[in-house]
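Working notes, structure below.
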Amino acid sequence: MISIVDENPRQEIEDAIYSGDPHKLLRISGMLHGHYCPFSALGVKAGARAMRELGIRKATGMEEVVAIVETNSCFSDGVQIVTGCTFGNNSLIYRDYGKTAFTLAKRSGEGLRISVKPDCVQERAPEAANLFRKVIVERQGTEEDQARLMELWVDISFKMLDVPDEYVFFIKRINVEVPSYGRIFDSVKCSVCGENIMEPRARIRRGEPICLPCSESEYYQLTGDGMSIITPRMK
Ligand SMILES: [Zn+2]
Ligand SMILES: [Zn+2]
């Protein structure tokens, strides 16, 4: 029996990547993403292609490899689960371009950028795409439309996985300037609320550290609309 210390927690995912089992990967991605949809399927597919093409194993989470995602949509959840590059392990970089695309890069700068071809879901599943517009975007669908959409949506998600990559992706080898390793900062204690703050986020008021919300300072926020600067007093 191998000890838990030597265990690779991502073994099952890596096995599915290298044995070519994208259906299993999409099922696992559903645990994170909460539903099956064509764009998370495309993220899974793109992630697996990039991992295989760059020959990456067990390196993720240690910042030996980084993923640069260009959208905060379903696609990026597929990328995260398959590459293991996440928000929390500092190997996910978010560029707010609003493109369904991502780059996987090694520390050496060797990288692969994959972007989703326009209309690839619309072309393969016109009924589903039209229903999506009606039910989700315009909120005009009947209950029947909604049930039908759910059915079609799951079906197209799994079908997407079996389409040859070149039909749905633009794939390009690129050289990437990989940012330096995330630094580990000291913590300081906010003089107002008493909570710890990563040092570069602290402000100084009357010679004492204070956190951003207590000092009502500007901060960055990422929402479904993308990244923005919030100025509390101007709310
Ligand atoms: Zn989704
Ligand atoms: Zn505070």
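The values are calculated or read from the model by the stated rules, or taken from the named source; none is laboratory data. Computed from a prediction, not measured in an experiment: that's the story for all the values here. A quick note on method: Cβ atoms are made from the backbone with ideal geometry, for glycine too, and the neighbour counts reach across all protein chains shown.
Just a few scattered comments:
This table checks each residue for (1) under 25 Å from F87 (Cβ atoms); (2) among the β-branched types (V, I, T).
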residue	(1), (2)
P164	no, no
Y167	no, no
G194	no, no
I210	no, yes
P213	yes, no
Y219	yes, no
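- Residues within segment 79-97 that are outside any loop (DSSP other than H, G, I, E, B) and in contact with a Gly (Cβ under 7 Å, 6 or more places away or on another chain), tallied: 3
- Qualifying positions in segment 68-78 - of a type outside the set (D, E) and either in a helix (DSSP H, G or I) or surrounded by fewer than 24 Cβ atoms within 10 Å (Cβ to Cβ) (or both): I68, T71, N72, S73, C74, F75, S76, G78
- For R10, the test of being more than 16 Å from ligand 2 (Cβ to nearest atom), touching a residue at least 40 places away in the same chain (Cβ under 8 Å), surrounded by fewer than 24 Cβ atoms within 10 Å (Cβ to Cβ) and of a type in the set (K, R) is passed.
- Yes/no for E195 being farther than 23 Å from P118 by Cβ, away from ligand 2 (no atom under 16 Å from the Cβ) and either at pLDDT 95 or above or of a type in the set (D, E) (or both): no
- When segment 204-223 is limited to residues that are more than 9 Å from ligand 2 (Cβ to nearest atom) and of a type in the set (V, I, T), the one that is nearest to R95 (Cα to Cα) turns out to be T223.
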